[in-house]
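Only the coordinates and a few stated rules stand behind these numbers; no lab work does. Note that this is a predicted model, so its numbers are computed, not measured. Neighbour counts run over all protein chains shown; Cβ positions are idealised from the backbone, glycine included.
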Amino acid sequence: MQQPLVKDFFDENTNTFSYVVADLATLQCAIIDSVLDYDAASATTKTSNA
């Protein structure tokens with residue numbers, strides 16, 4: 001079994017990392033975003049950066 005490809009992205013506004021984990025053999029991936037682009041001013045989340 002191949003190792004997955006893991007790419008991290010740092011968000012300065014929330015001081016957190018998000019990750020894309022990809023299986024190059026099957027071309028499937030997962031996005032791990034622990035704060036979902038949280039906007040403290042409106043107390044909402046969004047996925048536009050995903």
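Short-range pairs are left out: with C-alpha atoms under 8 Å and at least six residues apart, the relative contact order of the range 1-43 is 31 percent. Here the dipole of the chain is about 140 debye; that uses its Cα centre as origin and unit charges on the Cβ of Lys and Arg (positive) and Asp and Glu (negative).
Its residue count N fixes a reference of 2.2 N^0.38 Å for the chain, and the Cα radius of gyration divided by that reference is 1.35.
Exposure proxy shown here: for PHE10, PHE17, the number of other Cβ atoms within 10 Å sets the order, fewest to most, as PHE10, PHE17. Each of THR44, CYS29, PHE17 was placed along the dipole of the chain (beta-carbon charges, centred on the mean Cα), and the one lying farthest toward the positive end is CYS29. Calculate the FRET efficiency for LEU24 and LYS46 from the Cβ-Cβ distance with a Förster distance of 22 Å, rounded to the nearest 0.05. With R0 = 22 Å, the Cβ-Cβ based efficiency is 0.15.
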